[in-house]
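Take a look at the structure set out below.
None of the figures in this text is laboratory data; all of them are computed from the coordinates on show. Because the structure is predicted, anything quoted here is derived from the model rather than measured. Positions of Cβ are backbone-derived with ideal geometry, glycine not excepted, and every protein chain shown enters the neighbour counts.
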Amino acid sequence: MLVNPLAPFGTRTDPELDAWVRAQHGNPDGIRAMVQMAFATPPAPEVVEALVADALRWGSAAYSETLDDMARFDVTRRLSELRVPTLVLWGDRDVVIPFRGIVELFTGIPTCGLEVWHGVGHSPVLECPAEFSELFARFLSELPEGPGNSG
């Protein structure tokens, strides 16, 4: 199951946003703003603060190299090689992952299903935990039995 995955052709952010994100290392207010941008419906304040506290422990490479890696990522030519049941979940209010990338995943992976959640941002696991758990359980229950699966 892929939850708001990178576009298979890479994910590039706007250069101004890129520069701003890189500058937030060690800045609690900036990190808080980044965290809040990821959600269509902000989580409880204690969840936001836990995410900010975690991000404050990251090194500067997490801010710069991650953006570079996201831009370089390209698995477009390999999508058709995937032969496992796959489900892509995307929130239509995701400000990072473009829908065009989600469509390319869905159409490029032969065994792919697609769930688009309306009014949800980049973190559906945190925004809709009960719904996510239900979807994940349903996905797992519908997997075909394979070697080593007792069903």
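Spin-label point model (7 Å from Cα, Cβ direction): what's the Leu56 to Arg12 distance in nm?
Distance between label points: 3.5 nm.
Nearest 0.05, what FRET efficiency do Thr41 and Glu115 give at R0 = 22 Å with Cβ-Cβ as r?
0.80
What does the convex hull of the Cα atoms come to per residue for the chain, in Å³?
Enclosed volume per residue, from the Cα hull, is 136 Å³.
Subtracting the Cα-Cα distance from 0.36 nm times the residue separation, let me have the gained length for Arg100 to Ala23 in nm, one decimal.
Taking Arg100 through Ala23 to full extension adds about 24.9 nm, to one decimal.
Antiparallel versus total DSSP beta bridges in the chain: what percent is that, nearest 5?
Taking every DSSP beta bridge with both residues in the chain, the antiparallel ones total about 0 percent.
With a/c under 1.5 counting as rounded, go ahead and sort segment 15-71 into rounded, prolate or oblate using the C-alpha gyration tensor (a ≥ b ≥ c being the square roots of the eigenvalues; past the cut-off, prolate if a/b is larger than b/c, else oblate).
In terms of gyration-tensor shape, prolate.
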